[in-house]
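Visitor: One structure follows; several queries about it will come next.
The values are calculated or read from the model by the stated rules, or taken from the named source; none is laboratory data. For clarity, every value in this text was computed on a predicted model and none was experimentally measured. Virtual Cβ from ideal backbone geometry, glycine too; neighbours counted across all protein chains shown. Ligands, DNA and RNA are stripped out before the accessible areas are found, and what is left, the full protein with its side chains, is counted by its heavy atoms. Shrake-Rupley method; radii C 1.70, N 1.55, O 1.52, S 1.80 Å.
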Amino acid sequence: MFRLMRERPQDEPEVEWLYDTCFAPGRTALSSYRLREGVDPVAELCLMARDEFDAVVAAIRYWPVRVGEAGTPALLLGPVAVHHTRQGEGLAATLIGTTLETAAELGWTRVALVGDEPYYRRFGFTRALGEGLVMPPPTNPARVLGRELAPGGWDGVSGEVRGWTE
Ligand SMILES: CC(C)(COP(=O)(O)OP(=O)(O)OC[C@H]1O[C@@H](n2cnc3c(N)ncnc32)[C@H](O)[C@@H]1OP(=O)(O)O)[C@@H](O)C(=O)NCCC(=O)NCCS
């Protein structure tokens, strides 16, 4: 049994603990974290799941970013993580599917992420839509993926991906 809920400020230590547990040490040194520095995540899209013992077992966050010289707004999906004892139960799929729907309802039209294409393609993310995006170095370009939330969402949008306030 899982309860999905929005992450609240008081949940932050538990969510950070989950991310520390699920990712390799030094995760915050990853280049994508530079896009998040000093910027609040999109609160409506930060979801977590608590299990029957009230433990946080899955979480997802999104940040707003800007793309190209025009500074076109886009969403950056991630981090998303599921505790290793709960993987393979569809929790990440639920978090990703639910939040992508909410993002579209909120009027966002494009999402990018840095991740494994073999996993994210089931949610409609493609390398083709991420091809024109330049993430902060060092980022493996093959891991930069994009997804439209509205038809043509990425049309004509390309270039350097920057933090929201840069
Ligand atoms: C990736 C992650 C979020 C998936 O969570 P989950 O709740 O187990 O995912 P789901 O149950 O929705 O999907 C499980 C399926 O995804 C597959 N999968 C998981 N990671 C994958 C990857 N990197 N590449 C390809 N497939 C992957 C599983 O093999 C499984 O396949 P199946 O449905 O054919 O059995 C989780 O494994 C995790 O937290 N990993 C560590 C942190 C991480 O890497 N986060 C993603 C950063 S890009």
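Visitor: Would the range 102-115 turn up any residue that is assigned to a loop (DSSP other than H, G, I, E, B), under 14 Å from the mean Cα position of the chain (by Cα) and more than 16 Å from the ligand (Cβ to nearest atom)? Even if it seems obvious, please write down each step before you answer.
Guide: Within the range 102-115, the first condition is being assigned to a loop (DSSP other than H, G, I, E, B), and the residues that meet it are 106-109, 115.
Of the ones still in play, those that are also under 14 Å from the mean Cα position of the chain (by Cα) are 108, 115.
Still in the running and more than 16 Å from the ligand (Cβ to nearest atom): 108.
Yes, there is a match, as at least one residue in the range 102-115 is assigned to a loop (DSSP other than H, G, I, E, B), under 14 Å from the mean Cα position of the chain (by Cα) and more than 16 Å from the ligand (Cβ to nearest atom).
Visitor: What's the number of the only condition in (1) surrounded by 14 or more Cβ atoms within 10 Å (Cβ to Cβ); (2) more than 16 Å from the ligand (Cβ to nearest atom) that ALA128 fails to meet?
Guide: It is condition (1) that ALA128 fails.
Visitor: For the range 53-96, name all the residues that are more than 9 Å from the ligand (Cβ to nearest atom) and among the hydroxyl-bearing types (Ser, Thr, Tyr).
Guide: TYR62, THR72, THR85
Visitor: Give the range 102-125 a look and list any residue that's closer than 20 Å to GLU166 by Cβ and open to solvent by 40 Å² or more (accessible area, probe 1.4 Å), or say none. I'd like the intermediate steps shown before the answer.
Guide: So in the range 102-125, the residues closer than 20 Å to GLU166 by Cβ come out as 108, 110-114.
Once the filter is applied, which keeps residues that are closer than 20 Å to GLU166 by Cβ and open to solvent by 40 Å² or more (accessible area, probe 1.4 Å), the range 102-125 yields TRP108, VAL114.
Visitor: Restricting to the range 10-57, count the residues that are in contact (Cβ under 8 Å) with a residue 40 or more places away in the chain, among the charged types (D, E, K, R) and over 24 Å from ALA103 (Cβ atoms).
Guide: 2
Visitor: For the list (1) open to solvent by 30 Å² or more (accessible area, probe 1.4 Å); (2) small (Gly, Ala, Ser); (3) under 18 Å from VAL111 (Cβ atoms), I need the number of the one condition that SER32 fails.
Guide: Among (1) open to solvent by 30 Å² or more (accessible area, probe 1.4 Å); (2) small (Gly, Ala, Ser); (3) under 18 Å from VAL111 (Cβ atoms), SER32 violates only (1).
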